[in-house]
């Protein structure tokens, strides 16, 4: 019994957890420094790879823009510029517009230029990131500098220039002493790191010689004139880690991580282990006592209440005491559940009573004295006409009709059985109205096995003869039943149509209104009673739809849910019946 108690299980589990925790802490203390260091280096390399990839993409965009401008405008640049001021002006505008198009986007370089031989014409277009203060030194530098073709013919390399203390990367193409170039400030390339602000570490980009071009932290420049990577490593190698990644176009990018930030907190691990050992000696008994008071007592209260409810108690008084928030909510939930169970039982009893009332009213609705009087009157009339065969047929169908009608209360019958009963009814009407009735059914065999409430179709057929039958005019009745789905659940769709005058608007409103007590209302008993029956059986109000067919006639659509446990028969044959 002790091993089966909650206190024992909690204390054993807590002891095991504490033992595992101590073991993990002791083992992690042996290699945590190396693990953290390797993890930090790995994360730094991954971050650098992302940033270097972004810089590479930016430089590729700038190079692509330069190549497009060169290929598109090299012919215009090589034309004769001495043809007159007008021609010179229009060529200059053309080239300037080409540069402006490439430098006006958000992913453009800081500027592009076109320089003709002997400084006959120099066209430059600056990007939005270049300030007015920077434009003049840049313009003077590009006019004075001779952008000679590179000896090795490598046009993919970017060249570093320092202009008035600012570092720029230039890429240019010189053909027939005509230079096309683009440039970007080193700080612009590093702005992707500054803009994200992902961490507090320092990032530096440098050229192939190791000269620092830009950094995210100005503190690197303080206290030293040696702004090279070698100088920075000598100065910070004891306190920082250096992780570098090459940038093929001009140099490399370096992340400088403070060792203190990598290993901060690891010295506390040993003290934490000792503190946990001391605390656990005090905490375990307190936890066990708290468990006994905060968990065991409420659980016993719930067990006691569950037994009382099982024995028939309808109310569960909420216990008073200082229980935890979770158990207080659980007590309230249990109280609500007991009340809901009681209400559900009452609702179930009321629903049974309502179902019984509906069955009685349904049976009352089936009593149609005028129908039997009409049948007897028809038999009497046929005797005077010596139509013995018609009399025998009428009596046969009438007996089948009565046998089906007096089966019992509200029962479910297969669709094909209800159709057979409808046929008997129509045969009797055919004897009364010869050569005026056309009747056709189209019933899928698997749909024909689905159960529906008795007299469901019979009621609508009776209404057709009551409202659509006109003496001397052919009456057509069509009934179809097929498998369908409703809200992704299987159902049978039944459609009944005639060629009468259709439903008046007030009948539509009756079908769309909420289900009421059909007998107490007293009007349109058939449709209202069917809706009530469907609502009681299937708990839905949207199974019956009334409309008018084209070009004339009434149309009834029924959707009957298919029971999940019922297996339908395989498909059979369809049949059509012509009554004449």
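Bear in mind that the values in this text are calculations on the coordinates, not laboratory data. Keep in mind that what you see is a predicted model, and the values were worked out from it rather than measured. Methodologically, a virtual Cβ is constructed for each residue, glycine included, from the backbone with ideal geometry; neighbour enumeration extends over all protein chains shown.
With a Förster radius of 51 Å applied to the C-beta separation of residue 68 and residue 228, the computed FRET efficiency comes to 0.90.
Using label points projected 7 Å from each Cα along Cα→Cβ, tell me how many nm separate residue 14 and residue 346, to one decimal. So the two model labels end up 4.5 nm from each other.
May I ask you to order 474-484, 450-460 by the average number of other C-beta atoms within 10 Å around their residues, highest value first?
450-460, 474-484
Given R0 = 51 Å, the distance between the Cβ atoms of residue 54 and residue 486 translates into a calculated FRET efficiency of 0.40.
So if each residue of separation counts as 0.36 nm, and I subtract the Cα-Cα distance between residue 39 and residue 107, what length gain in nm does that give? Walk me through the intermediate numbers first.
Values: separation 68, 0.36 × 68 = 24.48 nm, distance 3.36 nm.
Contour length minus the Cα-Cα distance gives 21.1 nm.
Averaging the Cα positions of each part gives two centres, and for region 430-463 and region 528-564 these lie 15 Å apart. Taking other C-beta atoms within 10 angstrom as a stand-in for reagent exposure, 493, 148 fall in the order 148, 493, fewest first.
What is the calculated FRET efficiency for residue 326 to residue 237, with r their C-beta to C-beta distance and R₀ = 35 Å, to the nearest 0.05? Provide the component values of the computation, followed by the final result.
Numbers: r = 55 Å, r/R0 = 1.58.
Rounded to the nearest 0.05, the efficiency is 0.05.
Using a simple spin-label model with pseudo-atoms 7 Å out from Cα toward Cβ, residue 286 and residue 46 lie 3.9 nm apart.
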